[in-house]
Every structure is written in C-alpha cells, then in structure tokens.
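Read through the structure below, which is laid out as structure tokens, and then see the notes.
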Amino acid sequence: MKFNSLLFDLGPKPEKHPDFWKEWAQRTLKNALTLQDLNKNVAKNIILFLGDGMGVPTVTAARILKGQMSGQSGEETQLEMDKFPYVALSKTYNTNAQVPDSAGTATAYLCGVKANEGTVGVSAAAVRSQCNTTQGNEVTSILKWAKDAGKSVGIVTTTRVNHATPSAAYAHCVDRDWYSDGDMPTEALQSGCKDIARQLFENIPDIDVIMGGGRRNMYPRNTPDVEYPGDKKHNGTRKDGRNLVGEWIDRVKDKKGYYAWNRKDLLSLNPNNVDYLLGLFEPADLPYELERNKETDPSLTEMVDVAIKILRKNERGFYLLVEGGRIDHGHHEGKAKQALHEAVEMDRAITRADLLTSIYDTLTVVTADHSHVFSFGGYTPRGNSIFGLAPTVSDIDQKPFTSILYGNGPGFKLVNSTRENVSTVDYEQNNYQAQSAVPLRMETHGGEDVAIFSKGPMAHLLHGVQEQHYIPHVMAYAACIGQNKDHCRTNSGSPSLSHISPTLALLLAVKWLLC
C-alpha cells in the first residue's frame with residue numbers, strides 16, 4: 001500500500017492508526033537499506049554549510065518553525081539537512097576552552113587542526129593577541145588545498161567576510177577581532193602582523209567568489225560608506241590609507257571580475273560572464289533575514305545561487321564555504337525568533353544548492369561550530385507555536401512562561417523583585433528576548449556536541465562521534481586534495497569518478513543545464 005493511499009484510507013486523522021506509523025517506518029527502512037551501496041566517487045565539488053551557533057535544539061526548533069510557516073503543526077516537517085543520509089556528532093571544544101568560540105572552532109573544521117579560542121588559521125602554539133606567536137604556527141585551510149588543486153573556491157556569509165568563520169579559510173591571525181589595522185594595537189602592527197581584511201586579498205589573492213558584509217574594514221579611515229554616507233559609524237576604518245576594494249577591482253578588471261554592493265547589482269550579473277566576484281553588501285554584518293531590505297540586500301539563498309553558478313564552470317570543480325552566521329547573533333541577543341528564521345533561511349540555501357549540484361559528484365556537509373544555552377520545552381502540545389507559551393503556569397510563582405528559554409543572557413528581567421509576567425508583553429514579536437536564568441549582556445555559547453549532516457561521495461566517513469578537526473580531512477579525502485590523494489588515482493595518474501553509467505552522466509548533465 002502506497003503512503004498517499006494509506007492516508008486516504010485511514011481518513012482525516014491517520015496518525016491515530018497504527019498502520020500509519022508502521023508504513024512510515026517501512027518506507028524509512030527501505031530507504032536505509034539502499035545506503036549499503038556506498039558512494040565512493042571522487043567529489044568534484046565540496047560544499048560546507050556552517051550554521052554558526054546551530055546546536056541540535058536550534059535545528060529542532062527551526063524544523064518546527066519551517067513547518068508552521070507553511071501551515072503545518074511543524075514537528076513532522078523535514079529540513080533539507082534532515083534528508084541527508086549520514087549524521088554524526090562533532091566535539092567542539094577548543095584546545096584551551098571547554099565551551100568554544102567561533103574562531104578556534106573554525107580553525108578546526110577548516111584547517112583540520114584544533115586551536116585556542118580567539119585565534120584563526122594558527123595552531124594551538126599561537127597565543128591570542130600575542131603577535132610574536134604567529135610566525136611559524138600558521139596552518140592552511142581546505143579552501144587553499146582546493147585552490148592549489150585547481151578548483152574554484154568561494155566564501156559566502158551573512159556576517160562580515162572577515163568575521164571568525166570565513167577568516168579561518170584564508171587568514172593566520174592570533175586575534176579574531178583584528179578586522180582592520182584600525183582594530184590592532186600599535187605593537188602588533190610594528191611587529192609585522194596583518195589585519196584580517198588585508199589577508200583576505202593578499203594570502204590567497206585569487207579567491208573566485210567572496211560575498212557577505214564588512215565594507216568599512218576595506219576603506220581608509222573616515223571614508224563615507226556608499227550606502228550610508230551620512231552615518232559616520234559606517235565610515236572606513238583603515239589607518240594605512242589603502243582602498244582594498246579598489247585594489248581588488250584593478251587586479252581583476254581584465255579577468256571578468258565584478259564588484260557588487262547591493263542586491264540589484266548582484267542579481268543583474270550573468271554568472272556565465274563572471275569569473276571573479278566580490279560582493280560586500282553592508283558596512284558590517286548583513287541584517288537579520290526578518291529585517292532584510294529586499295531592495296538592497298540579497299538573501300543567503302540568492303548569494304549561494306550566484307556563487308555556485310560561477311564556481312561550477314570550472315571543469316575541476318569547486319569548494320564553497322557558506323555560513324549562516326547570524327543564527328549565532330540572534331541567540332547572543334536572546335532573540336530566538338531572529339535566530340530561528342536565520343536557520344530556516346540557511347536551510348533554503350541548502351535546498352537551492354541541492355538543485356544546482358548532484359549527489360554523485362558533490363559532497364555536501366552541514367554542521368555547526370558550537371551550540372548555545374538555548375532550549376525549548378514545558379510540555380507543549382503538538383503544533384504549539386514554537387514561540388508560544390507552555391500550557392501551564394509555573395507551580396512556584398504562578399506565572400506563565402514561554403516554551404523557549406535561555407540558560408543565561410539579556411532576557412533576565414525582574415519586575416517588583418519577581419519574574420516578569422510574559423503574558424503582559426508581546427512574546428512573539430521579532431526582537432522579543434526570551435527569559436533567561438542568569439543575567440548577562442550577551443548570552444553564551446553551549447558546550448555540547450553538534451550535528452554533522454552529510455551526503456555525496458564519501459559522506460559515510462562522517463559517522464559516530466568525531467573530533468571537529470576531522471571534518472576537513474574527510475572532505476579533502478573525498479575530493480583527492482590535500483594530503484590524501486593516492487587512493488583515488490587511476491593507472492593514468494588522474495582522479496577518476498567511479499560507478500557512474502553513461503545514462504546517469506547524461507541525466508546529470510541535463511539537470512545541470514536546466515538549473
């Protein structure tokens with residue numbers, strides 16, 4: 001009996017029938033049995049989606065939100081990442097931190113080496129903020145490994161392009177906050193350390209696609225921003241007087257290189273005529289998806305769409321890092337609604353990437369750098385708004401409480417020396433700060449393991465409970481780049497895809513052209 005006909009036969013409430021659940025389990029089992037045929041192809045393309053701060057509770061809550069946004073109860077909904085056949089857990093600690101930060105973790109899942117918190121692209125021998133510990137402790141990333149192998153490479157983020165996550169792909173810096181030389185101490189500059197924005201254009205000067213925010217770190221101090229010329233807080237920050245955007249434009253002007261600072265300019269480009277793209281859409285981070293100006297700022301999905309269409313023209317394939325970076329910011333501010341909508345948007349981007357690539361030659365990995373002290377509970381009934389109230393009041397203070405709560409953060413508030421009565425405020429508004437147990441200006445990260453979802457060539461190697469630095473080694477192994485290459489060479493010495501029939505290859509080519 002097919003599933004759809006089963007729903008019809010069981011009437012309007014099929015979940016009340018045991019056959020509904022049995023049939024669902026049998027379909028899942030049948031699908032699981034197909035995973036015995038492992039995909040051991042060479043990964044022509046590799047994509048890493050990084051949800052900054054996207055712990056397991058965030059994944060679950062985003063799933064429910066996605067379903068409720070389409071009129072369902074939500075719990076039964078599938079995120080795109082839920083459909084990936086392999087799931088593992090990642091241990092996120094830094095070498096000097098039980099609960100990590102986004103810089104040390106980025107070094108792990110991009111460079112394959114665990115590191116100290118606050119440092120990017122350097123080993124644990126480097127000490128945060130001590131410039132003289134940089135030299136000799138630099139480590140390279142999978143983005144560089146891919147570029148050295150002849151692949152096109154790209155970075156797409158909703159934060160600044162020189163924020164912690166993307167910077168570990170190209171920079172070697174003992175302080176994640178050295179965004180421009182204007183953020184650096186004099187002694188560090190005198191000792192020869194470079195700011196992260198400068199390293200973006202100098203360390204790997206031919207990164208094919210770069211998109212996100214961070215304009216103000218690219219221009220000389222006091223240079224008005226192109227979008228906000230009257231707002232001095234958005235002015236350039238550089239002390240050295242360099243215009244890094246102008247330098248980049250000059251370097252690629254004869255190489256089909258384009259710069260875009262707004263959505264209209266980005267979407268007007270024909271990816272077939274673009275080989276290099278720099279898109280800087282805000283002075284700092286991009287706005288939250290719920291607050292995005294759809295005239296000026298592209299969505300993460302739109303940026304991913306353009307990036308893949310440019311990168312995939314390379315016959316040797318590509319590596320793309322995509323960060324849903326503002327999931328983290330929403331949680332830090334105690335604004336769960338902002339964080340969860342960011343996670344849903346990243347899932348849309350994953351869906352778009354799936355349409356533009358093939359599971360047969362593209363390894364896609366979705367993971368997080370760390371979690372947050374975010375939770376939802378309270379014995380809520382099926383279909384309860386993910387931003388709604390628990391069904392009962394507290395049996396201690398007799399006041400209602402929202403399902404979503406934080407262990408600490410800015411949502412801690414006392415009214416007349418007691419917990420605020422949330423029924424007196426709009427707890428479903430976009431910027432509502434959920435109640436927290438401990439008052440802090442900014443909520444903190446969580447220390448538990450995070451999920452790794454994977455599909456495509458060699459995805460089965462991401463299994464069990466793994467150290468975070470294992471991730472890029474698997475991706476490199478699958479793509480025959482970096483230090484693991486011998487296993488995927490034919491007698492002629494060139495990388496080879498296996499198990500793809502001519503008919504299947506034709507179908508993949510048709511799908512690629514239609515997208």
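The values are calculated or read from the model by the stated rules, or taken from the named source; none is laboratory data. All values reported here derive from a predicted model rather than from experimental measurement. We place every Cβ from the backbone using ideal geometry, glycine too, and count neighbours over all the protein chains shown. The accessibility values were calculated without ligands, DNA or RNA, using every heavy atom of the protein model including side chains. Shrake-Rupley method; radii C 1.70, N 1.55, O 1.52, S 1.80 Å.
With point charges of +1 on the Cβ of Lys and Arg and -1 on the Cβ of Asp and Glu, referenced to the Cα centre of segment 43-138, which listed residue (Asn116, Asn137, Ala62) lies farthest in the positive direction of the dipole?
Working it through, the farthest residue towards the positive pole turns out to be Asn137.
Relative contact order for the chain: what is it in percent, counting Cα pairs under 8 Å that are at least 6 residues apart? List each step's numbers first, then the result.
Values: 1147 pairs, mean separation 121.2, N = 515.
Normalised by residue count, the contact order of the chain is 24 percent.
Would you mind giving the three semi-axes, in whole Å and largest first, of the ellipsoid equivalent to segment 275-347 according to its Cα gyration tensor?
Details: eigenvalues 134, 37, 20 Å².
The three semi-axes for segment 275-347 are 26, 14, 10 Å.
Hey, which aspartates and glutamates would be in cross-link range of Lys151, C-alpha to C-alpha under 17 Å, not counting anything within fewer than 8 residues on its own chain?
Lys151 reaches Asp206, Asp208, Asp275, Glu315, Asp361.
Hey, what D do you get for segment 52-124 in µm²/s if you plug the Kirkwood alpha-carbon radius into Stokes-Einstein at 20 °C and 1.002 mPa s? Mind dumping the intermediate values first?
Working: Rh = 14.1 Å.
Translational diffusion coefficient: 152 µm²/s.
Nearest 20 debye, what's the magnitude of the dipole of segment 374-443 about its Cα centre given +1 on Lys and Arg Cβ and -1 on Asp and Glu Cβ? Don't skip to the end; give the middle numbers.
Values: 5 positive and 6 negative charges, 14 e Å.
For this selection, approximately 60 debye.
Considering only DSSP beta bridges where both residues belong to the chain, give the percentage that are antiparallel (nearest 5).
Numbers: 21 of 59 bridges.
Percent antiparallel among DSSP bridges in the chain is about 35.
If the cut-off is 21 Å between C-alpha atoms, which lysines fall inside it for Lys194, apart from same-chain ones fewer than 8 positions away?
Lys144, Lys239
Work out the P(r) tail for segment 374-443: percent of alpha carbon pairs separated by more than 15 Å, whole number. Present the calculation step by step, with values, prior to reporting the outcome.
Numbers: 1279 of 2415 pairs.
Distances greater than 15 Å cover 53 percent of the Cα pairs.
Taking only Cα atoms of segment 102-192, what ratio of Rg to Rh do you get with Rh as the Kirkwood inverse-distance radius? Mind dumping the intermediate values first?
Working: Rg = 12.7 Å, Rh = 13.1 Å.
Taking Rg over the Kirkwood Rh, I get 0.97.
Any aspartates and glutamates with Cα under 20 Å of the Lys413 Cα? List them, leaving off those in the same chain fewer than 8 positions away.
In chain and number order, the partners are Glu333, Asp395, Asp397, Asp426, Glu428, Glu443.
Restricting to segment 374-443, what percent of DSSP beta bridges are antiparallel, rounded to 5? Display every interim value, and only then the final one.
Numbers: 6 of 9 bridges.
If I count the DSSP bridges inside segment 374-443, around 65 percent turn out antiparallel.
Which one of Gln36, Leu267, Leu286 is farthest out on the positive end of the charge dipole of the chain, using unit charges on Cβ (Lys, Arg +1; Asp, Glu -1) and the Cα centre as origin?
The listed residue farthest towards the positive side: Gln36.
Ignoring solvent entirely, what values of log10 I(q)/I(0) come out of the Debye formula for segment 207-360 at 0.12, 0.17, 0.18 Å⁻¹ when each Cα is a single scatterer?
At q = 0.12, 0.17, 0.18 Å⁻¹ the computed log10 ratios are -0.56, -1.08, -1.18.
From the phi of every residue in segment 156-164, what ³J(HN,Hα) in whole Hz does the Karplus formula 6.51 cos²θ - 1.76 cosθ + 1.60 yield, where θ is phi - 60° and glycine or proline is x?
For segment 156-164, the Karplus-derived couplings read 10, 8, 8, 9, 5, 5, 10, 7, 4 Hz, x marking Gly and Pro.
What's the magnitude of the charge dipole for segment 1-153 around its Cα centre, counting Lys and Arg as +1 and Asp and Glu as -1 at the beta-carbon? Answer in Debye, nearest 20.
The calculation lands at about 320 debye.
Tell me the mean residue ellipticity at 222 nm calculated for the chain from its helices only (DSSP H runs of n ≥ 4, each -39500 (n - 2.57), averaged over every residue, nearest 500). The partial results should precede the final answer.
Values: 15 runs with 147 residues, N = 515.
It comes out at -8500 deg cm²/dmol, rounded to the nearest 500.
Within segment 205-312, list the GluC sites (Glu not before Pro) lying in a DSSP loop whose Cβ has at most 12 other Cβ atoms in a 10 Å radius. Please list the in-between numbers first.
Details: sites: Glu227, Glu247, Glu289, Glu291, Glu295, Glu302; in loops: Glu227, Glu295.
For GluC sites (Glu not before Pro) across segment 205-312 that sit outside H, G, I, E and B with at most 12 neighbouring Cβ atoms in 10 Å, the list reads Glu295.
Taking all protein chains as present, what is the carbon and sulfur share of the accessible area of the chain, in % to the nearest whole number, probe 1.4 Å?
Details: 11670 of 22320 Å².
Carbon and sulfur: 52 percent of the exposed surface of the chain.
So what's the Cα pair-distance distribution over segment 300-382, bin width 10 Å, in %?
15, 41, 27, 14, 4, 0
Place a +1 charge on the Cβ of each Lys and Arg in the chain and a -1 charge on the Cβ of each Asp and Glu, then give the dipole magnitude about the Cα centre in debye, rounded to the nearest 20.
Working: 55 positive and 60 negative charges, 202 e Å.
Its charge dipole is roughly 960 debye.
Expressed in whole Å with the largest first, what are the equivalent ellipsoid semi-axes of segment 217-283 derived from the C-alpha gyration tensor as the square root of 5 times each eigenvalue? Walk me through the intermediate numbers first.
Values: eigenvalues 116, 47, 8 Å².
Values for segment 217-283, descending: 24, 15, 6 Å.
In square nanometres, what is the average projected area of the Cα convex hull of segment 31-161? Intermediate results must be reported in sequence, preceding the final value.
Details: hull surface 44.9 nm².
For segment 31-161, the mean projected area of the Cα convex hull comes to 11.2 nm².
Going toward the positive end of the dipole of the chain, with +1 on Lys and Arg Cβ and -1 on Asp and Glu Cβ, which of Gly409, Thr105, Gln190 do you reach last?
The Cα lying farthest towards the positive end belongs to Thr105.
Normalised by the empirical 2.2 N^0.38 Å for globular proteins, what value does the Cα Rg of segment 311-444 take?
Values: Rg = 19.1 Å, N = 134, 2.2 N^0.38 = 14.1 Å.
Ratio of Rg to 2.2 N^0.38 Å for segment 311-444: 1.35.
Given the C-alpha centroids of segment 420-436 and segment 289-329, what is the distance between them in whole angstrom?
When both Cα centres are located, 32 Å separates them.
For the chain, what percent of Cα pairs sit more than 45 Å apart? All intermediate terms of the calculation are to be shown ahead of the outcome.
Details: 19118 of 132355 pairs.
Pairs farther apart than 45 Å: 14 percent.
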